[in-house]
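**Student:** Next up is a structure, given as structure tokens.
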Amino acid sequence: MGYDKIEEYTPETTEDLKEHYQYVLSPINEDPQREGLVKTPERAAKAMQYLTHGYDLDTKEILTRALFKEEYS
């Protein structure tokens, strides 16, 4: 029980987002093929999927897992 870090990435979504991030780099005069940027579009694509994965989660389940029984008087 507790928080489970979910790192699941849909390959099709990753590839699609990756292409968009490569496109974003061009107008700011960056070369997506430059050594320091080669993996950046993929990292950004995976980060976006991770940051938005909660949209598909069941909030009731998440909140129920956060409850605990406390003995007190």
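The values are calculated or read from the model by the stated rules, or taken from the named source; none is laboratory data. Owing to the predicted nature of the structure, the values given are computational and were not obtained by experimental measurement. Backbone-built Cβ (ideal geometry, glycine too); neighbour counts: all protein chains shown.
**Student:** Please find, within the stretch 39-66, the residue that is nearest to L17 (Cα to Cα) out of those that are part of a helix (DSSP H, G or I) and among the aliphatic types (A, V, I, L, M). Write out each step before concluding.
**Tutor:** Applying the first criterion (part of a helix (DSSP H, G or I)) to the stretch 39-66 yields 40-56, 59-65.
So of that shortlist, the ones also among the aliphatic types (A, V, I, L, M) come out as 44-45, 47-48, 51, 62-63.
Details: A44: 8, A45: 5, A47: 10, M48: 9, L51: 13, I62: 28, L63: 31 Å.
Here the residue is A45.
**Student:** How many residues are surrounded by fewer than 13 Cβ atoms within 10 Å (Cβ to Cβ) and part of a loop (DSSP other than H, G, I, E, B) when one looks only at the stretch 5-37?
**Tutor:** Final tally of qualifying residues: 11.
**Student:** Something else now. Test each condition in (1) loosely packed, with under 10 Cβ neighbours inside 10 Å; (2) in contact (Cβ under 8 Å) with a residue 12 or more places away in the chain for P41 and report the one that comes out false.
**Tutor:** Single failed check for P41: (1).
**Student:** Report whether or not L67 is modelled with pLDDT under 85, among the aliphatic types (A, V, I, L, M) and surrounded by 10 or more Cβ atoms within 10 Å (Cβ to Cβ). Working first, answer last.
**Tutor:** Details: modelled with pLDDT under 85: yes; among the aliphatic types (A, V, I, L, M): yes; surrounded by 10 or more Cβ atoms within 10 Å (Cβ to Cβ): no.
So L67 does not fit the description; no.
**Student:** Which pairs do you get when a residue that is free of Cβ contacts under 8 Å to residues at least 40 places away in the same chain and within 17 Å of R34 (Cα to Cα), found in the stretch 10-23, comes within reach of a residue that is of a type in the set (S, T, N, Q) and surrounded by 12 or more Cβ atoms within 10 Å (Cβ to Cβ), reach meaning Cβ atoms under 8 angstrom, with the pair 6+ apart or on two chains?
**Tutor:** From residues that are free of Cβ contacts under 8 Å to residues at least 40 places away in the same chain and within 17 Å of R34 (Cα to Cα), the pairs are Y21/T40.
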